[in-house]
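Here the structure is laid out as structure tokens; the discussion comes afterwards.
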Amino acid sequence: SLVKRLLDQTAMSVIFGASNSGKTFIAVDLAASIARGIDWRERKVEQGAVIYVAAEGGLGIEERFAAYAKHHNIEPGETPLYVVPSAVDMCSCSADTDALIDDITVTLDGQRVVLIIIDTLSRVLAGGDENAANDMGAVVANCDQLRQALKAHVLLIHHTGKDEGRGARGHSVVRAAGDTKIK
């Protein structure tokens with residue numbers, strides 16, 4: 001497993017919650033733990049390269065990773081953790097997904113990627129409708145393409161709707177496709 005008793009290798013998961021509830025901080029901590037090969041919240045992890053697609057927050061995510069590194073006394077470049085600080089269209093077609101796979105393959109140069117985090121689902125919809133089965137299905141299909149091509153786990157960061165008790169917002173296809181959901 002990628003994270004013992006939580007995340008399977010080559011699966012898909014979703015972390016969801018209200019805006020400003022700490023989703024990204026959990027994802028940063030998880031990503032850094034996996035890249036470093038250290039236990040995450042007392043759970044063993046499979047060490048490997050991590051790709052963080054910062055579609056929302058852009059360069060701000062690099063500041064969060066820098067703060068993490070400073071807090072843990074990690075030198076820059078010491079861990080195989082890579083940030084893509086831009087949006088990727090995972091709704092319209094698979095062209096951006098193909099390009100992302102190519103970029104990851106070139107960047108890693110033989111390293112094994114074990115986790116790809118996409119932050120956030122709404123930003124990679126690229127104008128699509130999160131309530132439409134076709135648009136959300138296209139995102140899931142592109143996540144599947146990432147998982148299969150790179151043999152990596154894909155973790156989506158997503159928001160809840162106005163009624164947090166109803167879970168992640170949008171069409172249920174993402175909830176149904178996700179192997180693990182973390183609120």
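Residue-wise test of (1) under 24 Å from Val106 (Cα atoms); (2) open to solvent by 80 Å² or more (accessible area, probe 1.4 Å); (3) part of a loop (DSSP other than H, G, I, E, B).
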position: Ile26; (1), (2), (3): no, no, no
position: Ala32; (1), (2), (3): yes, no, no
position: Ile38; (1), (2), (3): no, no, yes
position: Gln47; (1), (2), (3): yes, yes, yes
position: Val53; (1), (2), (3): yes, no, no
position: Ile61; (1), (2), (3): yes, no, no
position: Arg64; (1), (2), (3): no, yes, no
position: Ala69; (1), (2), (3): no, no, no
position: Pro76; (1), (2), (3): yes, yes, yes
- Note on the structure: Of those in segment 161-181 that are crowded, with 17+ Cβ neighbours inside 10 Å and under 21 Å from Ile116 (Cα atoms), the residue modelled with the lowest pLDDT is Ala168
- Message: Can you pull out every residue in segment 93-118 that is touching an Asp or Glu at 6+ places or on another chain (Cβ under 9 Å) and either part of a loop (DSSP other than H, G, I, E, B) or farther than 22 Å from Gly37 by Cβ (or both)?
- Response: Ala95, Asp96, Thr97
- Message: Looking at Ser19, Ser86, Ser92, can you tell me which residue is open to solvent by 70 Å² or more (accessible area, probe 1.4 Å), more than 20 Å from Ala177 (Cβ to Cβ) and modelled with pLDDT under 95?
- Response: Ser19
- Mind listing just one residue for me: the one in segment 116-135 that is under 16 Å from the mean Cα position of the chain (by Cα) and under 17 Å from Ala177 (Cβ atoms) and, of those, most open to solvent (accessible area, probe 1.4 Å)? Ser122
- Task: Please find, within segment 95-115, the residue that is modelled with the highest pLDDT out of those that are over 25 Å from Lys23 (Cα atoms) and open to solvent by less than 50 Å² (accessible area, probe 1.4 Å).
- Result: Ala99
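The values are calculated or read from the model by the stated rules, or taken from the named source; none is laboratory data. Computed from a prediction, not measured in an experiment: that's the story for all the values here. Counting neighbours? That spans all protein chains shown, and the Cβs are built from the backbone with ideal geometry, glycine included. Note: areas computed on protein heavy atoms with side chains; ligands, DNA, RNA excluded. Shrake-Rupley method; radii C 1.70, N 1.55, O 1.52, S 1.80 Å.
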